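Shown next, in C-alpha cells, is the structure this report addresses.
The values are calculated or read from the model by the stated rules, or taken from the named source; none is laboratory data. This is a predicted model, so every value here is computed, not measured. As a convention, Cβ positions derive from the backbone with ideal geometry for all residues, glycine included, and neighbour counts pool all protein chains shown. The protein model used for the area step is the full one, side chains on, heavy atoms only, and it has no ligands, DNA or RNA in it. Shrake-Rupley method; radii C 1.70, N 1.55, O 1.52, S 1.80 Å.
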Amino acid sequence: MTRENPRHVPVLLERVLALLAPALEGRPAIAVDATLGLGGHSEALLQAHPQLTLVGLDRDPNALALSRERLAPYADRIHLVHAVYDELPDVLDELGIAAVDGVLFDLGVSSMQLDEADRGFAYAKDAPLDMRMDQSTGITAADVLNTYDVRDLARILRDYGEERFAGKIAKAVAAERQREPFSTSERLVQLLYNTVPAASRRTGGHPAKRTFQALRIEVNGELEVLRRAMPAALSRLKVGGRIVVESYQSLEDRLVKRAFAELAKSTTPEGLPVELPGHGPQVRLLTRGAEQADEAETEHNPRAAPVRLRAAERIREAS
C-alpha cells in the first residue's frame, strides 16, 4: 500500500494506475511524472511496476526534496529533475531516453503549496503575495498587482480567472496600490470582497477564487507552459504508450482536449475513399470526455472536486 501523507492524497489514484497499467506492466518500462509534487502518484506506480524506471519533474525545489525522501526506497529506478514540464524533451535527451511508455500530468497548484501559508496560494490565509511555484525565479503576484497597467490586469483576470468583474477589480487595484503597494493576501481579499457585488458572492463562490487563480497562472506562465508541454509529451510517447492528464480548471482542460483531439483525427483530405498512408489518427482517446472524481472521493479528498481527467494512447508513430 502507498504510505499515507496527511498533506497529500493523490487524486483519482486508482483510475490513473488503471489507465497507465497496460503500457507499463510486466516489462521494463519508462514513465514520466511531469508534475511530481509530493510523489504520491509516482510512489504508487513504482510499487505497482517493479521493472519501471520513473522520471520525475517539478519546478518546486521544496517538492523535489520531499518527494526524493519519499521515493528513496526506489532510488535505483528514479531520476528526479528540477524542471518545468515543457522542458520534458530536454530532460529526456539529457538522460539518453528517446521515447517513453507513460506520461502523467497532475496540473495546478500542489497540496504542499496550498498548505504552506508563506507561499501565498491560498486566499483563506494571510501571506505574502508570492505564488511562484519556483521561488528562486520570476515575478511574484505582488509584482503583477503593483506594476501591471489596468488594461493588462483586467485581461489577466478575465482570460485566466474567467472573472466577470475583471475591469472593476483592475481599477480598484490600481486605485488602492497608489495608497500603498500590495504585499499580502489579506488586503487583496478584502478589496475583492468590497468590489465584487454581493449577489455574485452569494452564487459564484468565494470572491477571491478567480482572481487568485488568474494571478497564479500569470506568475507561473501555466497556460503557455501547458500549451508547449502537451505536444512535446505526446511526441515522446512510444506506440502503445499512454498519457494521463488531470486538470483542475476549464482553461487547462480545454488545452488538453484540443491537443488530444488534434492527434486523434485523420489528416486524410475529406472525400477520399481510403485513408492515405501516414495520415491516420496518431492517438486513441481512452476517456469519453473528461472524467471526474465520484462523490466518495471528493468527500474524502475535497481537492479532487474540480478534477477533469483525460487519457490517450499512441497508436501510430509521431509524424
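L276 to A198: extension gain in nm, 0.36 nm per residue of separation minus the Cα-Cα distance?
Working: separation 78, 0.36 × 78 = 28.08 nm, distance 5.82 nm.
Result for the pair: 22.3 nm of gain on full extension.
On the accessible surface of segment 134-244, probed at 1.4 Å, how many percent belong to carbon and sulfur atoms?
Numbers: 2490 of 5120 Å².
Exposed carbon and sulfur together represent 49 percent of the surface.
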> On the first, second and third principal axes, largest extent first, how far apart are the outermost C-alpha atoms of the chain in Å?
Replying inline: 62, 56, 40
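222 nm [θ] for the chain, helices only, -39500 (n - 2.57) per DSSP H run of 4+, per residue, to 500?
Working: 14 runs with 140 residues, N = 319.
It comes out at -13000 deg cm²/dmol, rounded to the nearest 500.
Averaged per residue, what accessible area in Å² does the chain show with a 1.4 Å probe, protein chains only? Write out the running numbers ahead of the final one.
Details: 14870 Å² over 319 residues.
In whole numbers, the chain has 47 Å² accessible per residue.
So what is the relative contact order for segment 16-105, in percent, with contacts set as C-alpha pairs under 8 Å and at least six apart? Walk me through the intermediate numbers first.
Working: 142 pairs, mean separation 32.1, N = 90.
Answer for segment 16-105 is 36 percent.
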>> Amide H of T184 versus every other amide H placed in the peptide plane: which residues, excluding those fewer than 5 positions away on the same chain, fall under 5 Å?
In response: L129
> Projected onto the charge dipole of segment 30-104 (+1 at Lys/Arg Cβ, -1 at Asp/Glu Cβ, origin at the Cα centre), which of T35, L95, A75 gives the Cα projection farthest towards the positive end?
Replying inline: A75
>> For a protection proxy built on the mean count of beta-carbon atoms within 10 angstrom, sort 291-302, 225-236 highest first, please.
In response: 225-236, 291-302
> Relative to a virtual label point 7 Å from the Cα of T184 in the Cα→beta-carbon direction, which members of segment 215-231 show backbone nitrogen distances below 13 Å?
Replying inline: none
>> Please list 3J(HN,Hα) in residue order for segment 48-59, calculated via the Karplus relation 6.51 cos²θ - 1.76 cosθ + 1.60 where θ = phi - 60°; whole Hz, with x for glycine and proline.
In response: 6, 10, x, 9, 7, 9, 10, 9, x, 10, 7, 7
> From the square roots a ≥ b ≥ c of the eigenvalues of the alpha-carbon gyration tensor of segment 61-101, which class results: rounded (a/c under 1.5), prolate (a/b over b/c), or oblate?
Replying inline: oblate
> What FRET efficiency would be calculated for the residue pair K209, R27, taking the C-beta separation as r and a Förster radius of 45 Å, to the nearest 0.05?
Replying inline: 0.50
>> On a straight-distance basis, which lysines could pair with K257 in a cross-link, Cα separation under 21 angstrom, same-chain partners fewer than 8 positions away excluded?
In response: K238, K265
> Hey, got the dipole for segment 187-278? About the Cα centre, +1 on K and R Cβ, -1 on D and E Cβ, debye to the nearest 20?
Replying inline: 420 debye
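What is the gain in length, in nm to one decimal, between D152 and D126 on full extension, counting 0.36 nm per residue of separation less the C-alpha to C-alpha distance? Working shown, then result.
Values: separation 26, 0.36 × 26 = 9.36 nm, distance 2.52 nm.
Contour length minus Cα-Cα distance gives 6.8 nm.
Working out 0.36 nm times the residue gap between K265 and Q47, then minus their Cα-Cα distance, what length gain in nm do you get to one decimal? Please list the in-between numbers first.
Details: separation 218, 0.36 × 218 = 78.48 nm, distance 3.51 nm.
Stretched fully, the K265-Q47 segment lengthens by 75.0 nm.
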